[in-house]
Structure formats: C-alpha cells, structure tokens
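Data first, discussion second: the structure below is written as structure tokens.
Rule-based calculations on the coordinates, nothing more; no lab input. Computed from a predicted model, the values in this text were never measured in an experiment. For neighbour counting, all protein chains shown are included, and Cβ atoms are generated from backbone atoms with ideal geometry for every residue, glycine included.
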Amino acid sequence: MITNPAQITRHHLANQAAPAYSLIRKVCACGKASTAKQLAQYGKCAACALEAVRDAIMPGDFAKLQHMLGVVQQYPKSKWGWRNYFAAGSGQQYEAMQRLVAAGLATAGRAANEMTYFHATRMGCKAAGLDAAGIKRALEE
Ligand SMILES: [Zn+2]
C-alpha cells in the first residue's frame, strides 16, 4: 500500500471542513465505513450493532419483537409497524421483554391490570426488519 502524506492531509482538512460532524466518514472495527454519529452512539456500524443485539437476546425474543411490530406472515412488509406494543404479564414473556429492553430494542410503557405494555425502539424496529416507512409508522402513529 502506498501512503501519500499529501493525500492524508487533504482528507484530514476535508473532514475538518465537513458541515456536520455526523457526515464525517469513519470506519467500524469490521472495516465498513460508518458515520461518526453512528460510531459515537453505538461504537460500531449499524450492521455490527444489529448483530450484537441479536446475540444478546434469545431466539424466541426476536419472534416476540416481530409480533410486537406486526411483522407476521399474514401481513405484507408494506404494513409492518402497523402496531407497536406487547402486553406482558409476569413470567417468561416479561423476562423476554426485559431482555429486549436490556438490548435496547424495546422500552417499558404503562402498566395496567398486572400487565406491562412494551414498545419497540427505533433500533428494535430496524432489528425486526422494518424499512424507514415502517419505522415511522411504528414510532409515530
Ligand atoms: Zn461494523
């Protein structure tokens, strides 16, 4: 590999001149380019962040996350995110929700009648496979 000091300096200056720090291209440990904002927030690129959270939960938890967001066979992908809640009582369902919360995929909402309502976060939506429109639907409607 040929190192060209002038080129490095130009890149450095270009980075400093970037209008928003989030647009500065950085590299994840896996070698993929990512944004400084993404790396500051998650410490890794989006693909690695998703992989890490998938490793942190149990396989059944992922199915619950998908159920939470309506990511089920009966609905086409264009409808995913039509719901965003999962009511869990105590026991296994609640424990699964706690793992999703710990992994940053869900948050606990209101509790009523000994049930707690959990909702997917933006990262949870991404992990479940929602596209931008689906995420908007799940988080804003
Ligand atoms: Zn990566």
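Points worth noting:
- With the highest mean first, a sort of the peptides 75-86, 97-108, 26-37 on other beta-carbon atoms found within 10 angstrom per residue produces 97-108, 75-86, 26-37.
- Within straight-line cross-link reach of LYS37, lysines at Cα separation under 19 Å, skipping those fewer than 8 residues along the same chain: LYS26, LYS126
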